[in-house]
Each structure stands twice: as structure tokens, then as C-alpha cells.
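So that we are looking at the same thing, I have put the structure below in C-alpha cells.
Any read-out appearing in this document is the output of simple, stated calculations on the displayed coordinates, not a laboratory observation. Being a predicted model, the structure only gives us computed values, none of them experimental. Glycine also receives a Cβ, built like all others from the backbone with ideal geometry; neighbour counts cover every protein chain displayed.
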Amino acid sequence: MGLDMGKTVLQLDQLTQSMRGASEAREERLTALLNAAAGVDPDTAASKTADAKQRPYLAAEVEESLLGAYPPPDPPADWVVAAVDGSHIDVDRHLPVACYLLNLGGCVLTYGSQPGATLFS
């Protein structure tokens, strides 16, 4: 059975219209959120979020206001990124020897005055 291009084009058109509607709805929700947040007094926001002991989860505390723009701090002169990854192949119970494979690897990347890279596996 081949691909029916007539049906495919209609489905793509429906998908495009659906995505456009979803995008417009998201924009409306975001605008409503920003308008509601703008109406919250900074002192009220700080007092409502200050008592973290009553929550069973970790939550951010508002210190100044719900809305605002703040410049990022200056980046550090030297910094390091480390990453690891691993995988395994399960035991094959039908092999004559019980064995499995673990594959581990990682890297450490150093940026700044003395850049470098260490890769291991």
C-alpha cells in the first residue's frame, strides 16, 4: 500500500491549523499569567513564599517581586564541566558462560586560563 498524498496533505493542513491554535492559546495563557503576576504586591509575594517549612517540597522564595529582569553575574574566569555516561548489555541466559558488559565513559573539560580535556572509558 502506497502513501496517499491527498490524505497526507489534508492531515498536514489540519496539524498546522491545530498547532497555530495551540500557539495562540499558549500566548493568551502567558499574557494572563503576566497580568496576574503584575498585580501581586512584592511584600505579599515574599510573605506567602517565606514559610517553606509548611511545604512537603522545595519551593523558591520571592525576595523582591514576581516580575523583573536582572542582569546575569559575570562568568567565572576558570570553570570545569564533568560528564559521565554508561550502558550495559544484560546477561544472556542462553550463553554457556554467564557474562555481561558494562560500558562506562566520561569527560572533564576545563575552560579558562588553562584549558584542557580528559576523556576516559
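Quick one: if the Förster radius is 30 Å, what FRET efficiency do residue 93 and residue 121 give, using the C-beta to C-beta distance and rounding to 0.05?
Details: r = 27 Å, r/R0 = 0.91.
It comes out at approximately 0.65.
Let me ask another. Quick one: 3J(HN,Hα) in Hz for segment 103-110, Karplus 6.51/-1.76/1.60 with θ = phi - 60°, rounded, Gly and Pro as x.
Each residue's phi maps through the Karplus curve to give 10, 10, x, x, 8, 10, 10, 10 Hz.
With 10 angstrom as the radius, rank 121, 65 by how many other C-beta atoms surround their C-beta, starting from the fewest. Write down the numbers at each step before the final one.
Details: 121 9, 65 14.
Ordered by Cβ neighbours within 10 Å, fewest first: 121, 65.
Under 20 Å from the 7 Å Cα→Cβ point of residue 74, by amide nitrogen: which residues of segment 102-121?
Within reach of a label on residue 74: 111-115.
Calculate for the chain the 222 nm mean residue ellipticity that helices alone would give, adding -39,500 (n - 2.57) per DSSP H run of length 4 or more and normalising by residue count, nearest 500 deg cm²/dmol. Could you put the intermediate results ahead of the total?
Working: 2 runs with 43 residues, N = 121.
So the calculated ellipticity at 222 nm is -12500 deg cm²/dmol.
May I pose another question? R0 = 41 Å: FRET efficiency of residue 17 with residue 38, Cβ-based, nearest 0.05?
Numbers: r = 32 Å, r/R0 = 0.78.
So the FRET efficiency works out to roughly 0.80.
State the percent of C-alpha pairs, over all pairs in the chain, separated by a distance greater than 22 angstrom.
Numbers: 5426 of 7260 pairs.
Counting every Cα pair in the chain, those more than 22 Å apart make up 75 percent.
What are the ³J(HN,Hα) values, in whole Hz, obtained from phi via the Karplus relation 6.51 cos²θ - 1.76 cosθ + 1.60 with θ = phi - 60°, for each residue of segment 65-73 in sequence order, with x given for Gly and Pro?
Here the 3J(HN,Hα) series is 7, 6, 10, x, 10, 10, x, x, x Hz.
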